[in-house]
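J.: Have a look at the structure that comes next, please.
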Amino acid sequence: MSVFIIDHISKSYITNKQSCCVLNNINLTLPDSGLVSIVGKSGSGKSTLLNILMGIEKPDRGRVLFNKTDISKMKDKTFSDYHLSGVSMVYQHFNLFDNQTALENCLTPLQMKGMPKKAAISKVTEQFQKLGIESLLNRKVKNMSGGEKQRIAIVRAIVTNPSAILCDEPTGALDKNNSNAIMKILKKISERILVVLVSHNIDLVNQFSDEIITLKDGRIVDKISNIKNRFSNQFKKEKSKYSSKWTDKFFRGNLLSDFAKNIFSIFACAFSFLSIMLSVGFLVGSKTSQSNAINQNLSMNFSTVSQTEFLDIEGSPLSYQKTIRPEINLIDEKFSDFHSLRVEENLSFFISDYSSVYFNEKQILNYEMVPLIDESLEAFGNELIVEGTTINSEFDEVMINTEFMKLLDEKNPVNLEIIISSNSVVKYSTGDKDNPYIKDNFSYTKRFKIVGVVKEFSFLNNPKIFYSYNGAKEFLKTQKMVNLSLYKNTPISFYSYLENCSADNEASSYSNFLFVTDKNELEKFFSKVKELETEEDEIQITSSAYQIKQTYQTFIESFSSTLIIFVLITFLGVNFILGMISLSTFIQRKKDTAILTCLGARNKSIYNLYLLENYSVVTVAFIIAISILKFCENKLNLLIENKFGLNNLIDTPINNFLGIPFGLFIILFFLFAIFSTLFTVIPMFIYRRGAIVNELRDE
Ligand code: ADP
Ligand code: MG
């Protein structure tokens, strides 16, 4: 009976663009037992022939039949079975897993065959006892001598009951005594199965071989056979079922040997999980936080309205533009579908942002004077007051916002006083040549009690003093224009002057105050403002709250899109890092992979081994990210709240995302799992069986 039929095989390599024929039309039948030696000069193709028999090298022409199957046509499963129970190999440099014990090394192929661990251990132990090396069982391979390693490699090769073992220079790295001992062991084995031996050592070959084949220039030049009555191959095909249990040990080993690398990957991954979760939290949270925050403005409903008039210049095609106080009718017409608008005189000429304000004899600069009506206080005020109360309707109390409070440098300014002093000159044009103007001085210096402090959304917000519109109006009614009253011979107050002055009079500030008294009409009002603005209407509304709102929205929107890009880059970047890491691991372990493949590991288990490592990294990183998510979110929110006065800007959707319970986590985890799978499998896929040979070549 024969195990191998080598049928007209040829093999060439291309080196330096020259094809070099290593095996040239080899025909050979190998018996099913006995020790067959292949000899020849270095480079004569001996190893190549063994590799072809092993199935890890393909001949260019011809075929090799193992028990009648063509080994070059084996797929992953049969290829694995072929190594698990057909043929195994012993190398000059052992190719053991150095970090494992002798026992672990020999268990692997048995575990691949699905043998239970206990049975496998006793089988390996039995083999060790036969060779008298049971003391080596639990020792790490890396500390052993060459002779010991080769004995273990032989046990590993025969423990699966193969039909043949292929030994490429098994004594090449050993001393004379060890070489002899190894040859004796191989000789003993060859009584039952085929042992193919490649060796340089002619003495040993002559002493032990049943058959000697000499290769020269890729051809068989000599074949001596002294096979007499040999036992026939006692190999019986055992039933075995492939198992991937063996990967556990390798997985643990890899985790340990890659400890530093894995810790790094875990941190990189956790960081990216965290930033992605927080960014999503921002995208979700900023929506609600934003609208809540923007509404925290006590002068939300206050604006001024003015009108642009175009006047032709006589004798010229040009016209000029002039801002005037609009006609009430015009405002009514523009806002006919609003029910809660209140138009009032603009008091800014008298109660101006350029008044002098003193606190404890210190002058306060850069503030806004903002009028309040009772309705605004009701609608917007109460929830914003952080200290004190609302103002009365006299012109002797004010409220301030926290920005203004900062200028005062006072922790609790409620019930303290500021002094406001103002001076403006109203000029009445008489049309009289001798006496063209009547001038009246509006001037006051008054103490105002600070009754309340308001906390507003602080983005772009100015220091403000809030006064009662009605109080100021009544005050202006009590102030008489002495000179004009005398000229007109009737009592005239500053307020009545303001009411009756022309649309282009300086005192009118060329505009009206406009209050929205119903909170529910505010959104609609702002849309109207936008509409008038884009249509370049003759009516213009100026609302600082609206400006802030628009600016902030633009800011958040551009920040959000930047953030989305950032998230994508982080995601790809981390996956790329993971990919590179797994590629480098893969390259680093190419030799291990090659050994495992020759032992009979299926590609799928090898993929799984690497995948498992990646998944573990991703899972641990994920757990870390989730456990510190809330902490980081709170810290960031606190920071943002202090800077911008925005509450809960980041609100990571934990319980529900896109309608899926824990959706964010599930989606993220799966995305990462898919990507890391891709990044693991792609390099493995590029790897082909051909690469195995190079990894195992003894040089
Ligand atoms: P031996 O084991 O008899 O010393 P080998 O079978 O290892 O010889 O190699 C035979 C010849 O083929 C050598 O000249 C070697 O350089 C060449 N060779 C082997 N493998 C490759 C390869 N992958 N690429 C190019 N040349 C190779
Ligand atoms: Mg060789």
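J.: Expressed as a whole number of Å, what is the distance separating the alpha-carbon centroids of segment 547-587 and segment 627-695?
T.: Computed from Cα coordinates, the inter-centre distance equals 11 Å.
J.: A further question on this structure: Can you tell which of PHE448, LEU486, PRO463 lies farthest toward the positive end of the dipole of segment 399-541, using +1 and -1 charges on the Cβ of basic and acidic side chains (Lys, Arg; Asp, Glu)?
T.: Of the options given, the answer is PHE448.
J.: Turning to a different aspect of this structure: Would you please calculate the Kirkwood hydrodynamic radius of the chain over all C-alpha pairs and express it in Å, rounded to one decimal?
T.: This gives a value of 33.9 Å.
J.: Quick one: which residues, 5+ away or cross-chain, put their amide H under 5 Å from the amide H of GLU368? H built at 1.01 Å from N.
T.: Amide H neighbours of GLU368: LYS464, ILE465.
J.: Which cross-chain or sequence-distant (5 or more) residues have an amide H under 5 Å from the amide H of ASN24, H modelled 1.01 Å from N in plane?
T.: LYS11, ARG219
J.: Also, quick follow-up: Whole angstrom only: what separates the Cα centroid of segment 16-77 from the Cα centroid of segment 465-490?
T.: Segment 16-77 and segment 465-490 have Cα centres spaced 114 Å from each other.
J.: For the residue pair ALA503 and THR554, what label-to-label distance in nm results when each label sits 7 Å from Cα along the Cα-to-beta-carbon direction?
T.: 3.0
J.: Just to confirm my numbers, what's the Cα centroid distance between segment 89-119 and segment 347-418 in Å?
T.: After rounding, the separation between the Cα centres reads 85 Å.
J.: Ordered by residue, what ³J(HN,Hα) values in Hz, to whole numbers, does segment 383-396 give under the Karplus form 6.51 cos²θ - 1.76 cosθ + 1.60, where θ = phi - 60° and Gly and Pro are x?
T.: Values, residue by residue: 6, 8, 6, 9, 8, x, 9, 8, 6, 7, 9, 9, 9, 9 Hz.
J.: In whole percent, and with a 1.4 Å probe on the protein chains, what portion of the accessible area of segment 7-123 is carbon and sulfur?
T.: Carbon-and-sulfur percentage of accessible area, whole number: 51.
J.: Short version: ³J(HN,Hα) in whole Hz for each residue of segment 671-676, in order, from phi by Karplus 6.51 cos²θ - 1.76 cosθ + 1.60 (θ = phi - 60°), x for Gly and Pro, what are they?
T.: Once θ is set to phi - 60°, the couplings for segment 671-676 become 4, 5, 4, 4, 5, 5 Hz.
J.: May I ask you to compute the full-extension gain from ASP432 to GLU417, defined as 0.36 nm times their residue separation minus their alpha-carbon distance, rounded to one decimal in nm?
T.: 0.9 nm
J.: Out of the GluC sites (Glu not before Pro) in segment 258-354, which ones are loop residues according to DSSP with at most 10 other C-beta atoms within 10 Å?
T.: Taking segment 258-354 and a limit of 10 other Cβ atoms within 10 Å, the loop GluC sites (Glu not before Pro) found are GLU314.
J.: While we're here: Using the basic label-point model (7 angstrom from Cα toward the beta carbon), what is the PHE310 to LYS117 distance in nanometres?
T.: 9.1
J.: Further, regarding this structure: Antiparallel versus total DSSP beta bridges in the chain: what percent is that, nearest 5?
T.: 70
J.: With a 1.4 Å probe and all protein chains left in place, how much accessible area per residue does the chain have, in Å²?
T.: 49
J.: With +1 assigned to the C-beta of every Lys and Arg and -1 to the C-beta of every Asp and Glu, and no other charges, what is the dipole magnitude of the chain about the Cα centre in debye, to the nearest 20?
T.: 7620
J.: Can you tell me what the convex hull of the Cα atoms of segment 18-109 projects to on average, as an area in nm²?
T.: Orientation-averaged projected area of the Cα hull: 8.2 nm².
J.: If you roll a 1.4 angstrom probe over the protein chains with everything in place, what fraction of the accessible area of segment 318-462 belongs to carbon and sulfur, to the nearest %?
T.: Carbon plus sulfur share of accessible area: 43 percent.
J.: Can you pull out the trypsin sites (Lys or Arg not before Pro) in segment 32-97 that DSSP calls coil and that have at most 12 other Cβ atoms within 10 Å?
T.: For trypsin sites (Lys or Arg not before Pro) across segment 32-97 that sit outside H, G, I, E and B with at most 12 neighbouring Cβ atoms in 10 Å, the list reads LYS41, LYS68, LYS75.
J.: Compute the Cα gyration tensor for segment 549-649, then decide on rounded, prolate or oblate, letting a ≥ b ≥ c be the square roots of its eigenvalues: rounded whenever a/c is under 1.5, prolate when a/b is larger than b/c in the other cases, and oblate in all that remain.
T.: Verdict is prolate for segment 549-649.
J.: Efficiency by 1/(1 + (r/R0)^6): what FRET value for ASP76 and ILE564, r their Cβ-Cβ distance, R0 = 41 Å, to the nearest 0.05?
T.: It comes out at approximately 0.45.
J.: So, one more: Taking θ as phi - 60°, what are the ³J(HN,Hα) couplings along segment 529-535 by the Karplus curve (6.51, -1.76, 1.60), each to the nearest whole Hz, with x for Gly and Pro?
T.: Computed from phi, the couplings for segment 529-535 are 4, 4, 4, 4, 5, 6, 7 Hz.
J.: Same structure again: Below 23 Å, Cα to Cα, which lysines can LYS176 reach? Residues fewer than 8 away in the same chain don't count.
T.: Correct list for LYS176: LYS41, LYS46, LYS130, LYS142, LYS149, LYS184, LYS187, LYS188.
J.: Right, another one. Assign unit charges at the C-beta atoms only (+1 for Lys and Arg, -1 for Asp and Glu), then state the dipole size of segment 531-624 relative to its Cα centre in Debye, rounded to the nearest 20.
T.: So the dipole magnitude of segment 531-624 works out to roughly 1640 debye.
J.: Give the carbon-plus-sulfur fraction of the accessible surface of segment 555-699 in %, rounded to a whole number; probe 1.4 Å, heavy atoms of protein chains only.
T.: Carbon with sulfur: 72 percent of the solvent-accessible area.
J.: Under a straight-distance cross-link criterion of Cα-Cα below 18 Å, which lysines are reachable from LYS411, leaving out those fewer than 8 residues away in the same chain?
T.: Partners found: LYS362, LYS449, LYS455, LYS464.
J.: Sticking with this one: For segment 309-431, what size does the Cα cloud have along each of its three principal axes, sorted from largest down, in whole Å?
T.: Reported extents, whole Å, longest axis first: 63, 38, 27.
J.: Where does helix 603-644 land angle-wise versus the long Cα axis of the chain, in degrees 0 to 90, nearest 10?
T.: Between the helix axis and the principal axis of the chain, the angle is about 20 degrees.
J.: Report, largest value first, the span of the C-alpha coordinates of segment 448-517 along each principal axis, in whole Å.
T.: Principal extents (Cα only, largest first): 50, 29, 22 Å.
J.: Here is a follow-up. Keeping to pairs on different chains or 8 or more places apart, tell me how many lysine pairs in segment 478-620 have Cα atoms under 29 Å apart.
T.: Total qualifying Lys-Lys pairs in segment 478-620 comes to 9.
J.: Ignoring everything except DSSP H segments at least 4 long, calculate the 222 nm mean residue ellipticity for the chain; use -39,500 (n - 2.57) per segment, divide by total residues, nearest 500.
T.: -14000 deg cm²/dmol, from helical runs alone.
J.: Report, by chain and number, residues whose modeled amide H sits under 5 Å from the one on VAL454, excluding near sequence neighbours (fewer than 5 apart, same chain).
T.: Distant-sequence amide H within range of VAL454: VAL386, ILE400, ASN401, THR402.
J.: Next question. Kindly list the residues of segment 609-652 that lie in the label zone of VAL681, defined by a backbone N under 17 Å from the point 7 Å along the Cα-to-C-beta vector.
T.: So the set is 609-616.
The values are calculated or read from the model by the stated rules, or taken from the named source; none is laboratory data. Worth saying up front: this structure is predicted, and the values here are computed from it rather than measured. In this analysis, Cβ positions are derived from the backbone assuming ideal geometry, glycine residues included, and neighbour counts consider all displayed protein chains. In case anyone asks, the SASA skips ligands and DNA or RNA and just uses the protein heavy atoms, side chains included. Shrake-Rupley method; radii C 1.70, N 1.55, O 1.52, S 1.80 Å.
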